[in-house]
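S.K.: Following this message is one structure expressed as structure tokens.
The values are calculated or read from the model by the stated rules, or taken from the named source; none is laboratory data. Bear in mind the structure is a predicted one, so any value in this text is a computation, not a measurement. Every residue, glycine as well, gets a Cβ built from its backbone with ideal geometry; the counts of neighbours run over all protein chains shown. Please note that ligands, DNA and RNA were not included when accessible areas were found on the heavy atoms of the full protein model with its side chains. Shrake-Rupley method; radii C 1.70, N 1.55, O 1.52, S 1.80 Å.
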Amino acid sequence: MKTDDPQTIPLLEKIVPPLLKWYDMNARILPWRENPSPYRVWISEIMLQQTRVEAAKPYFERFLAALPSIQDLAKVPEDRLMKLWEGLGYYNRARNLQKAARIILERYNGIFPQEFEDILELPGIGEYTAGAISSIAFNRPEPAVDGNVLRVMSRLLESPEDITSPAVKTKIAAALKQVYPQNRCGDFTQSLMELGATVCLPNGTPKCPECPLAEFCLARQNNTIAELPVKAPKKARKQEKRTVLLIFCGDRIAIRRRSGKGLLAGLYEFPNCEGILSEQQIREWLNSEAEIFPSVSAVHIFSHVEWHMKSCLIQVKKELPEFQWVNRESLKREITLPSAFKVFRETILSADHTPAKN
């Protein structure tokens, strides 16, 4: 059944009562559900876009403890904001949070806007996040269609349509909007998400005997669950080799800030360059005498590219002016480093010596 089939709406109307009953009995206890204010829902949804629920919990609690209000978020220094976001990745999302907070202060006197169109205009907020905030925080019949919801709907309707298609996502949202229950919009949004996250699991392994919608699910009736949802194949990620330089001058370590544009824009990093360099090439790149020792290797996967990295511990006699130099304590507590460099920071912090003392 395609999502715009005439039988779609009657089927969706049938699932509302059993789904809400199931949600009332089985919803996970999550920190952002305890007090679903617009601010808390907003922060949690941005965090959850690329992070598992269990992993997001401590980040959410730390963030809200440090920045409990829109006003706090708007005024926090960027370096502090990046440190609070460290480990979640996609740092532009944190910057957009702050941009949006400042707009809310200026345009809405610090009160989160209630209208869907106004929410959608805020930086970093797309239709999914706007729908989640509208329904959960303001009880508006605005669907929030994420991967979990797309999977549930694809199987429920036994839809052959490609769920990566924006047009299909739009049709699913339009169909769901027609069946939202009055006064329980937020619960309905979260029940669909919850079902996909805990029961209607991906990769052909759903827990159908536990599903409150089993009797309505066309894919279950026709034994096509393993074939759904339909997704267009992803393009292969580009692979890049890089040499990461862990440079010491005495007990101080070299870092630098990345360009304000592109991948990991504006964040600190350890100096690095394309390709796997020899010791001589490293000395030429630094334009300095240096003692060089091999260190750890790592692979980091971004959405569109993989970095295959090899690092070296390096000791130089004087601080090179093109870098910023910090001690271990600053590196640990003040400097925000992307997850791609986490293993290298751990290597530095766990060492009780500098390369020259090896």
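S.K.: Quickly run through the stretch 37-65 and pick out the residues that are over 14 Å from the mean Cα position of the chain (by Cα) and either open to solvent by less than 40 Å² (accessible area, probe 1.4 Å) or hydroxyl-bearing (Ser, Thr, Tyr) (or both).
M.R.: SER37, PRO38, TYR39, VAL41, PHE63, LEU64 - these are the residues of the stretch 37-65 that are over 14 Å from the mean Cα position of the chain (by Cα) and either open to solvent by less than 40 Å² (accessible area, probe 1.4 Å) or hydroxyl-bearing (Ser, Thr, Tyr) (or both).
S.K.: Being over 21 Å from the mean Cα position of the chain (by Cα) and polar (S, T, N, Q) is the filter; apply it to the stretch 107-134 and report the residue that is nearest to ASP187 (Cα to Cα).
M.R.: Step one: of the stretch 107-134, the residues over 21 Å from the mean Cα position of the chain (by Cα) are 107-118.
Next, from what is left, pick out any that are polar (S, T, N, Q): 109, 114.
Working: ASN109: 29, GLN114: 18 Å.
Here the answer is GLN114.
S.K.: Of the residues LYS177, LYS261, LYS235, LYS231, only one is out of contact with any strand residue (DSSP E or B) (no Cβ under 9 Å at 6 or more places or on another chain), of a type in the set (Lys, Arg) and within 26 Å of GLU142 (Cβ to Cβ); which?
M.R.: Sole residue among the options that is out of contact with any strand residue (DSSP E or B) (no Cβ under 9 Å at 6 or more places or on another chain), of a type in the set (Lys, Arg) and within 26 Å of GLU142 (Cβ to Cβ): LYS177.
S.K.: Taking the stretch 246-274 as the region of interest, how many residues are at positive phi and modelled with pLDDT of 95 or more?
M.R.: 0
S.K.: Filtering the stretch 141-161 down to residues that are more than 22 Å from the chain's Cα centre (by Cα) and part of a helix (DSSP H, G or I), which residue is surrounded by the most Cβ atoms within 10 Å (Cβ to Cβ)?
M.R.: MET153
S.K.: Can you spot a residue in the stretch 162-184 that is open to solvent by less than 10 Å² (accessible area, probe 1.4 Å), among the hydroxyl-bearing types (Ser, Thr, Tyr) and part of a helix (DSSP H, G or I)?
M.R.: Checked against the condition, which is being open to solvent by less than 10 Å² (accessible area, probe 1.4 Å), among the hydroxyl-bearing types (Ser, Thr, Tyr) and part of a helix (DSSP H, G or I), the stretch 162-184 yields no hits at all.
S.K.: Select from the stretch 262-300 the residues that are touching a residue at least 40 places away in the same chain (Cβ under 8 Å) and either loosely packed, with under 13 Cβ neighbours inside 10 Å or among the charged types (D, E, K, R) (or both) and write down the one among them that is nearest to VAL244 (Cα to Cα).
M.R.: GLU269
Conditions (1) surrounded by fewer than 21 Cβ atoms within 10 Å (Cβ to Cβ); (2) out of contact with any strand residue (DSSP E or B) (no Cβ under 6 Å at 6 or more places or on another chain); (3) touching a residue at least 24 places away in the same chain (Cβ under 8 Å); (4) assigned to a helix (DSSP H, G or I), marked per residue:
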| site | (1), (2), (3), (4) |
| --- | --- |
| GLY89 | yes, yes, yes, no |
| ARG93 | yes, yes, yes, yes |
| ASN96 | yes, yes, yes, yes |
| ALA100 | no, yes, yes, yes |
| GLU106 | yes, yes, no, yes |
| GLN114 | yes, yes, yes, no |
| GLU117 | yes, yes, no, yes |
| GLY124 | yes, yes, yes, no |
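S.K.: Could you go through the stretch 339-348 and let me know if any residue there is in contact with a strand residue (DSSP E or B) (Cβ under 6 Å, 6 or more places away or on another chain), among the polar types (S, T, N, Q), surrounded by 13 or more Cβ atoms within 10 Å (Cβ to Cβ) and not in a strand (DSSP E or B).
M.R.: yes
S.K.: Pairs needed: first member in the stretch 245-260, surrounded by fewer than 22 Cβ atoms within 10 Å (Cβ to Cβ); second member anywhere, small (Gly, Ala, Ser) and part of a loop (DSSP other than H, G, I, E, B); C-beta distance under 6 Å; at least 6 residues apart or different chains.
M.R.: Short answer, once both residue conditions are applied: GLY260/GLY266.
S.K.: With closer than 23 Å to SER311 by Cα, touching a Leu at 6+ places or on another chain (Cβ under 7 Å) and not in a helix (DSSP H, G or I) as the only criterion, which of ILE253, ILE247 stands out?
M.R.: ILE253
S.K.: Could you please tell me which pairs satisfy a Cβ distance under 7 Å, a separation of 6+ or placement on different chains, a first residue in the stretch 148-169 that is without any contact (Cβ under 8 Å) to a residue 40 or more places away in the chain and over 13 Å from LEU201 (Cβ atoms), and a second residue that is open to solvent by 10 Å² or more (accessible area, probe 1.4 Å) and part of a helix (DSSP H, G or I)?
M.R.: Taking only residues 6 or more apart or on different chains, the pairs are LYS169/LEU150.
S.K.: Further, regarding this structure: Taking the stretch 264-300 as the region of interest, how many residues are in contact with a helix residue (DSSP H, G or I) (Cβ under 9 Å, 6 or more places away or on another chain), aliphatic (A, V, I, L, M) and either over 18 Å from GLY89 (Cβ atoms) or in a strand (DSSP E or B) (or both)?
M.R.: 5
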